[in-house]
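Please read the structure below before turning to the comments.
The values are calculated or read from the model by the stated rules, or taken from the named source; none is laboratory data. Since the structure is predicted, the reported quantities are computational estimates derived from the model, not experimental observations. Please note: Cβ atoms are built from the backbone with ideal geometry, for glycine as well, and neighbour counts cover all protein chains shown. Only protein heavy atoms, including side chains, enter the accessible area calculation; ligands, DNA and RNA are left aside. Shrake-Rupley method; radii C 1.70, N 1.55, O 1.52, S 1.80 Å.
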Amino acid sequence: MNLQNIKRIAVLTSGGDAPGMNATIRAVVRACTFYKIDCFGVFRGFQGLIEGDLKQMGPRDVKYIISKGGTILKSARSKEFMTLEGRKKAYETLQKNQIDALIVIGGDGSFTGALMLSVEFNFPVIGIPGTIDNDIFGTSHTIGYDTALNTIIDVVDKIRDTATSHKRIFFVEVMGRDAGFVALNSGIGIGAEAILIPEENIGLPKLLENLKRSKASGKSSCIVIVAEGEKSGKNVYELSNYVEENLPEYDVRVSVIGHIQRGGAPSCFDRVLASRSGVAAVEALLKGEKNIMIGLQNDLIAYTPLEKAIKEHAQIDKELIRISDILAV
Ligand code: F6P
């Protein structure tokens, strides 16, 4: 490894926080210590970089954070960084502090900003995907996704108890931004009677058919997992009204799980993924890599050019849709 060129690294978290971001920060800081590199934590994402809000961190600064949700570096979605002026200020902070490379933990919006900074100022950046949405090309898992799924199944299992007691249909809205990974996988995990995701519009008639089929087969409750946004042309409340109008004999309720999905202690899977990714990011820089994203492919660490990670779209596994349909009989 070429230890000569990289002497100072900065790390930041950006966009929506995700469980496991802290474990990733810890891994970056400790890998830096191991390789005798100075590590600076930047607070409040790119906004903090613009404002020069950073401090040097050592291995004891990240003690016990492996088990903590959120991000000790805080996060932000910086409007100023979306301007060239803002990115110039951010670059000046990096220069002033003699930082040689930047590690960005976040989602595709954060990677877009990071890549712009890198191209405009010829500055090396590495992305680590940290988002509950799992919507990043080049990795099978983003950090935080597994924990969010576990949180959702915990919550929806509880909803199932009350739904069954009252023979109700529940529409449960989960996060995922524009993607259905969270809905599809949590839906299978809780044994949903129907799953509505943006990638596959099953249509309202099919939804009614599924619900009638469930009742006819003797089920005492129905859970419909709905990815946030307007699925089948309707949001979760409109969907529930539509079902109430068309199946008046059904008792329908709505639960929007919300930001609970983003909090809590990371799962073991996310802690391990975060640990591997943080070390891999530092080692990639030492190997002379830049402008790449660290991902997981077939359970191995893989590099994807940041540009590709941003431009391409992660694909839903259609096989899971087929399975969920079979299992909803
Ligand atoms: O990207 C993570 C995410 O939690 C999405 O699932 C959701 O659409 C969005 O962030 C919510 O953002 P905010 O916290 O700004 O409401």
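Details
- Measuring only protein heavy atoms, the 1.4 Å probe finds Tyr237 accessible over about 130 Å².
- Selection from Asn97, Ser240, Leu73, by position along the positive dipole direction of the chain (Cβ): Asn97
- Along each principal axis, Cα extent of the range 195-315, largest first, Å: 65, 31, 26
- For the range 32-108, applying the loop criterion from DSSP together with a ceiling of 11 other beta carbons within 10 Å to the trypsin sites (Lys or Arg not before Pro) yields Lys36, Lys63, Lys79.
- Unit charges at the beta carbon, dipole of the range 146-262: most positive-side option, Ile225, Gly191, His166: His166
- The HN-Hα couplings worked out from phi for the range 126-134 by the Karplus form 6.51 cos²θ - 1.76 cosθ + 1.60 (θ = phi - 60°) are 10, x, 10, x, x, 6, 6, 6, 6 Hz, whole numbers, x standing for Gly and Pro.
- Long-range amide H partners of Glu173 with built H, under 5 Å: Val226, Ser255, Val256, Ile257
- Isolated Cys residues of the chain, judged by Cβ distance under 4.7 Å to other cysteines: Cys222, Cys268
- Structure-based [θ]222 nm, the chain - -39500 (n - 2.57) summed over DSSP H runs of at least 4, per residue, nearest 500: -13500 deg cm²/dmol
- Under 5 Å from the amide H of Gly180 lie the amide H atoms of Glu199, each residue being 5 or more positions distant or on a separate chain, with H modelled from the backbone and absent for Pro and chain starts.
- If you take the alpha carbon atoms of the chain and fit the smallest convex hull around them, that volume is 119 Å³ per residue.
- Under the Debye formula (equal points on every Cα, no solvent term), log10 I(q)/I(0) of the range 146-262 at q = 0.16, 0.17, 0.21, 0.22 Å⁻¹: -0.66, -0.75, -1.17, -1.29
- Proximal charge balance of Ser165 [Cβ under 13 Å; K/R count +1, D/E count -1]: +3
- Taking the 1.4 Å solvent-accessible surface of the range 64-204 as the whole, the part contributed by carbon and sulfur is 52%.
- Cβ-based net charge around Leu204, under 12 Å, with every Lys or Arg adding one and every Asp or Glu removing one: 0
- Relative contact order of the chain, defined on C-alpha pairs under 8 angstrom at six or more residues apart (%): 24
- C-alpha long axis of helix 108-121 to longest principal axis of the chain, angle in °: 20
- Simple Cβ-charge dipole of the chain, Lys/Arg +1 and Asp/Glu -1, about Cα centre, in debye nearest 20: 1000
- Hits among lysines - C-alpha to C-alpha of Lys79 under 26 Å, sequence gap 8 or more where chains match: Lys55, Lys88, Lys89, Lys96, Lys290, Lys308, Lys311
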